Amino acid sequence: MKSLIFDIDGTLWDSRALVAEGYNIQLRKEGYGHLCVTAEDLKPLFGKVMTEIADVMLAQIPLPERYALMERCMDTENRYLAENECRIGYDGVKETLQELSREYRLFIVSNAQCGYPELCMEKLGIAHLFEGHLCFGDTGTEKGETILELMRRHRITDAVYIGDTQGDFEATVVADIPFIWAAYGFGSPAGAAGRITDIRQLPKTLKAL
């Protein structure tokens, strides 16, 4: 295979605590302090699209204000992450990606809002290693369709996706590409072509596919 497409949360870094803090700043500002969340609250929600997160986290807020509030929370989250040092990357991420970039084209597809992939790459010092990225905020589509759109835009014909959740696995079924499970992340997907418990295992795992 020639291209690797990465998830972010639970694969490259664990931003749950900082994301929760960012959300809570906005919730308190708007008088919704009783809806504040913790890192553990977010664990089963990471990997879902914005509307699905809002439907769980902000279920008490009627539509359409629920989604508007979620957008404001995510905007505040982005600003909070930008202002924070974000020393939350998994051990070995930068070094492993540097190694992989010598042999593969690297991309990101995430269910996050616009600006989040860029923040991740900037904070981890890996932006120069990636050829492209897409997220839910760019496409408004489910992850499988977003992967396919990335593949169309960059003329990718042979790829594998590295992620950590059931949703990631299901997206690869839609995109018809292999899935490698980052088992150190947040989920327990039903199927995978390979499994890693540390991102530094990825080069060897890819060779075995």
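Quick notes
- Residue within the stretch 176-196 that is open to solvent by 50 Å² or more (accessible area, probe 1.4 Å), among the β-branched types (Val, Ile, Thr) and out of contact with any helix residue (DSSP H, G or I) (no Cβ under 6 Å at 6 or more places or on another chain) present: no
- Residues located in the stretch 132-173, provided they are among the acidic types (Asp, Glu), over 15 Å from residue 191 (Cα atoms) and in contact with a Ser or Thr (Cβ under 8 Å, 6 or more places away or on another chain): 138, 145, 149, 158
- Cβ pairs under 8 Å, 6+ apart, first in the stretch 188-209 and free of Cβ contacts under 8 Å to residues at least 60 places away in the same chain, second of a type in the set (Val, Ile, Thr) and in a loop (DSSP other than H, G, I, E, B): 189/165
- Here residue 63 meets each of (1) of a type in the set (A, V, I, L, M, F, W, C); (2) assigned to a loop (DSSP other than H, G, I, E, B); (3) touching a Lys or Arg at 6+ places or on another chain (Cβ under 9 Å) with one exception, condition (3).
Conditions (1) free of Cβ contacts under 8 Å to residues at least 40 places away in the same chain; (2) of a type in the set (A, V, I, L, M); (3) open to solvent by less than 10 Å² (accessible area, probe 1.4 Å), marked per residue:
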residue: 100; (1), (2), (3): no, yes, yes
residue: 106; (1), (2), (3): no, yes, yes
residue: 110; (1), (2), (3): no, no, yes
residue: 116; (1), (2), (3): no, no, yes
residue: 120; (1), (2), (3): no, no, yes
residue: 123; (1), (2), (3): no, no, no
residue: 134; (1), (2), (3): yes, yes, yes
residue: 138; (1), (2), (3): yes, no, no
residue: 141; (1), (2), (3): yes, no, no
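- Among the residues here, residue 79 does not qualify as modelled with pLDDT of 95 or more and closer than 16 Å to residue 152 by Cα.
- Any chance residue 61 is open to solvent by less than 60 Å² (accessible area, probe 1.4 Å) and within 21 Å of residue 164 (Cα to Cα): no
- Residue 173 being of a type outside the set (Gly, Ala, Ser), part of a strand (DSSP E or B) and over 15 Å from the mean Cα position of the chain (by Cα): no
- Those residues of the stretch 26-54 which are in a helix (DSSP H, G or I) and surrounded by 16 or more Cβ atoms within 10 Å (Cβ to Cβ), in sequence order: 26, 27, 35, 42, 50, 53, 54
- Residue 200 fulfils the conditions (1) outside any loop (DSSP other than H, G, I, E, B); (2) basic (Lys, Arg); (3) closer than 17 Å to residue 2 by Cβ except for a single criterion, (3).
The values are calculated or read from the model by the stated rules, or taken from the named source; none is laboratory data. All figures in this text were calculated on a predicted structure; none of them were measured in a lab. Positions of Cβ are backbone-derived with ideal geometry, glycine not excepted, and every protein chain shown enters the neighbour counts. The protein model used for the area step is the full one, side chains on, heavy atoms only, and it has no ligands, DNA or RNA in it. Shrake-Rupley method; radii C 1.70, N 1.55, O 1.52, S 1.80 Å.
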